[in-house]
Amino acid sequence: MSTQAPRSARELAVRNPRTGQSDHVIQPLDAAALAALGDRLRQAQPAWAAAGVAHRAAVLREWAGRLLADPGPVVDALSRDTGRYRLALGEIQPLRGLVEGYAAMGSALLAPAAERPSVAPGIAIGTELVPYAVAGVISPWNFPFLLSTLDAIPALVAGCAVIVKPSEVTPRFIAPLMESVRQVPELAGVLAFIEGDGATGAALIEETDIICFTGSVATGRKVAESCARHFIPACLELGGKDPAIVLASADPARAAEVILRASVQATGQACQSLERVYVQRPIYEAFLANLVAAARRIELNYPDMRAGQMGPLIFARQAEIIAGQLADARARGAQVLTGGEIEHHGGGSWLRPTVVTAVTHDMTLMTEETFGPVIPVMPFDDIDEAVQLANDSQYGLSAAVFGEEAEARRVATRLDAGAVSINDGGLTTEAFDAEKNSFKFSGMGSSRMGPSGLLRFLRKRAILIQRGQAKTMADLDERGAAPGT
Ligand code: NAD
């Protein structure tokens, strides 16, 4: 049987973020092709599930080993997708750790549970974990490989077959990736990455039993509604407007350096980017001076992709959103201290680290996701004010607090966010084993990280064994009923 996904006649042009040129074409799967793929994976999945967690881990280990031994084709394609090299390499490097981490977790979590007596006399309870047959993964353009595998690996370890639909904005890596999957035929029977756009993502929901979606709130809402119509679970990882609170007890120079990195890494195109900074008045000026100086030292990776620290804005429409937020902020009195203008080089769009002051919460820059390297900074006087400002958001993805550890920890517990980094930003991207939920509009469903990341692909089946006297109709005879019995 061919493991190559069938193709459709529809074609989509793909823009190169460094040149602005459409230099690639994808062929989204149509509904019939997707249904055929779903059927093929659904047929292969029972054997995959029955093979056991150790076997599944060995198959995934073989694939990861092959991919990481010859990462060139996938990394080159990811570099063309995203206009950056080091982060492209960094996206695939966690693969081995992800496989090993979930393999170890899987062998502990999927071990047969001992039978136990029920609180109901005479009945014993056995519990089985049953994977969903086909898991669907729909991923965004900012980290195309990482945000696909973060869900696909635990789903495969759990015993699901998986179809991944990466973003149509960054699809070049799919072909070389599937090439590597095909080198491990057993894996190719249960894992497919497919090309397609929003329509393909919508159609994928029809073919799957659980959906993991990473993307915007607007699309996440559509996905959740569609999943609800199909009665399948939706795990949603959505946008954020992560705040950082810098307490007077923090080292202003160190906090500025770290916050700069956590804000402009990946050109700010990361869900857990720090997008607003509240600094306690006594160190506000020192913090700002350090931040501005550090921001001015950052270089674009243009014209040489292997130089500088910041790549282009990947998605043309995002550049317009960022420019719109900056224009709105300026019109309302904000001061732009660095960067601030979308620069066009070689057909691509770049933005240097943009430090903005005199900001207020009536600016979209302070309330809507920017997804760019923009750092608005606001002073505050007391902690209650900082907590109120940080929580004044529809989002609750993550947050950061800088300062003396015990004090920072006390502030962290007051924040409406699923993860709070202390004296760093975005630590969820390093500690994949920290369980967290997304608060408010930043997501829905159980944690993607840690044991829940695996358990969300499994349903519990209870086996109830009657070892006492099973009831008969005699037990329902009205004449046998007496008060107190
Ligand atoms: P997006 O919502 O536009 O698209 C995400 C994916 O959904 C793409 O693959 C797209 O083709 C698909 N899609 C579009 N319409 C669909 C539909 N009707 N049904 C099913 N699928 C559909 O998001 P994006 O612009 O690619 O990504 C940026 C967003 O992702 C930002 O908001 C960012 O914060 C968020 N994000 C969140 C996390 C997280 O872990 N919380 C991580 C990275 C990015």
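The values are calculated or read from the model by the stated rules, or taken from the named source; none is laboratory data. Owing to the predicted nature of the structure, the values given are computational and were not obtained by experimental measurement. For neighbour counting, all protein chains shown are included, and Cβ atoms are generated from backbone atoms with ideal geometry for every residue, glycine included. Heavy atoms of the whole protein, side chains included, go into the accessibility calculation; ligands, DNA and RNA do not. Shrake-Rupley method; radii C 1.70, N 1.55, O 1.52, S 1.80 Å.
Distance from the C-alpha centroid of segment 74-109 to that of segment 449-468: 29 Å, rounded to the whole angstrom. Listed by chain and number, the lysines whose alpha-carbon sits under 29 Å from that of residue 460, ignoring those within fewer than 8 places in the same chain, are 165, 222, 436, 440, 471.
Would you tally the net charge around residue 129, using a Cβ to Cβ cut-off of less than 9 Å, leaving residue 129 out, and scoring K and R as +1, D and E as -1? Working shown, then result.
On the way: positive: 459, 460, 461; negative: 128.
Summing Lys and Arg as +1 and Asp and Glu as -1 gives +2.
Restricting the calculation to Cα atoms, the chain shows an Rg/Rh of 1.04 when the hydrodynamic-style radius is the Kirkwood one.
Relative contact order of segment 242-429, taken over Cα pairs closer than 8 Å and 6 or more residues apart, is 29 percent. For the chain, the relative contact order comes to 17 percent (Cα pairs under 8 Å, sequence separation of at least 6).
Take every Cα-Cα distance within segment 242-429, group them into 5 Å bins from 0 onward, and report for each bin the whole-number percent of pairs it holds. Calculated P(r), rounded to whole percents: 1, 9, 18, 22, 21, 15, 8, 4, 1, 0.
Tally Lys and Arg at +1 and Asp and Glu at -1 over the other residues with C-beta under 15 Å from the C-beta of residue 180: what net charge comes out?
Working: positive: 61, 66, 96, 172, 182; negative: 62, 70, 76, 91, 179, 186.
Around residue 180, the charge tally is -1.
Only beta bridges with both residues in the chain are counted; by DSSP, about 40 percent of them are antiparallel.
If we count every other residue with Cβ under 12 angstrom of residue 310's Cβ, Lys/Arg +1 and Asp/Glu -1, where does the sum land? Can you show the working numbers first?
Values: positive: 84, 86, 261, 297, 352; negative: 299, 343.
Net local charge, residue 310 excluded: +3.
Separation of segment 292-336 from segment 47-63 is 44 Å, based on Cα centroids.
Quick one: pull the percent of accessible area on the chain belonging to carbon and sulfur, 1.4 Å probe, ligands and nucleic acids left out. Could the numbers behind the result be given before it?
Working: 11160 of 20600 Å².
Answer for the chain: carbon and sulfur cover 54 percent of the accessible area.
Each of residue 229 and residue 452 was given a label point 7 Å from its Cα along the Cα-to-Cβ line. The distance between the two points is 2.8 nm. Once divided by 2.2 N^0.38 Å, the Cα radius of gyration of segment 310-377 becomes 1.04.
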